[in-house]
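Read-outs throughout are calculated quantities, based only on the coordinates presented, and are distinct from any laboratory measurement. Just so we're clear, the structure is a prediction, and the values are computed from it rather than from any experiment. Here the Cβ positions follow ideal geometry from the backbone for every residue, glycine too, while neighbour counts run over all protein chains shown.
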Amino acid sequence: MNVAILGVGTVGNEVANVLIRNQKLISARSGMHIVPVIGVVRDLKKARNSQIPLTDDIDSVINRDDIDVYVELMGGIEKPYEIVSKILAKNKPVVTANKAMLAYHRNELERLAGDTPFGYEASVAGGIPIIKALREGLSANHIQKIVGIMNGTSNYILTNMMQRGVKFDEALKKAQELGYAEADPTFDVGGFDTAHKLLILASLAYSVHAKPEDILIEGISDITNEDIYFANEFEYAIKLLAVAKRRDDKVELRVHPALIQKDKMIAKVDGVMNAVSVSGDAVGESLFYGAGAGGSATASAVISDLIDIAREVKNPMLGYKAPLEILPLGLFKPNEIKTKYYLRLKVADEIGVLANITNLMSQNNLSIDSFLQKPRTDKNSDCSTLYFTTHTCLEADMLRVVGLLEKENYIKDKPFMIRIEE
Ligand SMILES: NC(=O)c1ccc[n+]([C@@H]2O[C@H](COP(=O)([O-])OP(=O)(O)OC[C@H]3O[C@@H](n4cnc5c(N)ncnc54)[C@H](OP(=O)(O)O)[C@@H]3O)[C@@H](O)[C@H]2O)c1
């Protein structure tokens, strides 16, 4: 089986390396010699260590008759979508790790592919076989909930903030020095990368065809050491979570930092590691843990798709052979989300402030679960920091309270909330 690798960067180069290094094993498992015959790059002059021939002429590769499968590892959204569409139009199988392209175009790609194999195991949580788990191993279940830590950069930063007490900027700098974070980290720390992965999982779990702009996406850059103080005090970890949760006949999809009790398994997932917890009505909770990125782990997932193609495994791309007519699940709007909240308020240290805040909360359907006032360390300051947690309430009510508090004179900084995941 001849393979063309479109994009021979971090992942593409490792796909070629592992195919060559593990050739005998892969042949025995797949029943075929899977051979990376050509790679495509943008800049042929770049110094690189490739074991396969390279070209910068992508059209010539797409038009070759001797290529059996194309592996798209270029990155981007529209350009790879255009290229993959051309390949599928020729009924040639495609494997990709490109979550951004899938976040926007997975349904069009499913239609274009038809019966032509289309693999994307590597697009979510790198080396963890979560696509196969949802599409195959757990396919008997109504999925009640998925909770994932699916961005190693953000998890590394938050772990450093919690364990070493460093500020966000310092933890980000360290992540960049170690090569975990890009020069422009917005995509990772802003939650967008996680959201792309969540949307792919939501299609498999619920047949929900949302796009990134339809769901709540918040990043981790506003988390301060004050929040870390509270989390440690109350035995919580702070994680950037992807949450897909079914409530009645609708689904919540959201990405945001969350407080999770430290004794939960997913709260113990530290550093660059990823984990996805899936709860199904028949199976209960399963937790998948492993390397979420990196050339080698991602190549492992790409090659598992190539082996499936060689074995002629036929799975419906997004997990459904027929429309899910028994239960068309809708999507909750972001302000319809229901959860518990943590709220941090910097206030003037004056009589009546606390009573005012609690009245405002109760008038807007927020019920307080716990309250903490941090002892003032700066004797010259006339401000205090108040921390509240609420019982489960509606996001719209919480946002209204935050908006009302912002207008109060005694509030000395922008109120900050973090959702609490049970
Ligand atoms: N890195 C990871 O750990 C990881 C994990 C999971 C998923 N992914 C996904 O895997 C894909 C590849 O990621 P990566 O980290 O390997 O990226 P990368 O290191 O930047 O490599 C991209 C490769 O594609 C080539 N390329 C880009 N645009 C091209 C174009 N228009 N025509 C021809 N070649 C082009 C580049 O050529 P040059 O070398 O000449 O620049 C480079 O070889 C992305 O979709 C990413 O989201 C990556």
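Brief remarks on what is shown
- Multiplying the residue separation of Asn232 and Asp263 by 0.36 nm and subtracting their alpha-carbon distance yields 9.9 nm.
- Given R0 = 41 Å, the distance between the Cβ atoms of Arg21 and Leu329 translates into a calculated FRET efficiency of 0.40.
- Two-site FRET efficiency, Asn380 against Gln176, from Cβ-Cβ distance with R₀ of 35 Å, rounded to 0.05: 0.45
- Of the peptides 365-372, 349-356, the order by per-residue mean of other Cβ atoms within 10 Å, starting with the highest, comes out as 365-372, 349-356.
- Segment 337-421, Cα convex hull volume normalised per residue, Å³: 87 Å³
- Length gained on full extension, Lys414 to Arg111, computed as 0.36 nm times the residue gap minus the Cα-Cα distance: 104.5 nm.
- Here Asp59, Asp227 are placed in order of increasing Cβ neighbour count within 10 Å, fewest first, which gives Asp59, Asp227.
- D by Stokes-Einstein for the chain, Kirkwood Rh over Cα pairs, 20 °C, 1.002 mPa s: 93 µm²/s.
- Leu44 versus Asp349: modelled label distance in nm, points set 7 Å from Cα along the beta carbon direction: 7.1 nm
- Candidates Leu404, Leu287, Leu318: whichever shows maximal mean-square fluctuation once the chain is modelled as a Gaussian network with Cα springs under 10 Å: Leu404
- Using R0 = 51 Å, the C-beta based FRET efficiency linking His33 and Ile368 works out to 0.20.
- Cross-linked pairs Lys174/Lys211; Lys239/Lys346; Lys90/Lys321; Lys92/Lys321: Cα-Cα separations exceed 27 Å for Lys174/Lys211.
- Stretching Lys314 away from Leu399 to a fully extended chain increases their span by 26.0 nm, per 0.36 nm per residue minus the current alpha-carbon distance.
- Each DSSP beta bridge with both residues in the chain is either parallel or antiparallel, and the antiparallel ones are about 70%.
- Each semi-axis of the equivalent ellipsoid for segment 1-130 is √(5λ) with λ an eigenvalue of the Cα gyration tensor; in descending order they amount to 21, 18, 15 Å.
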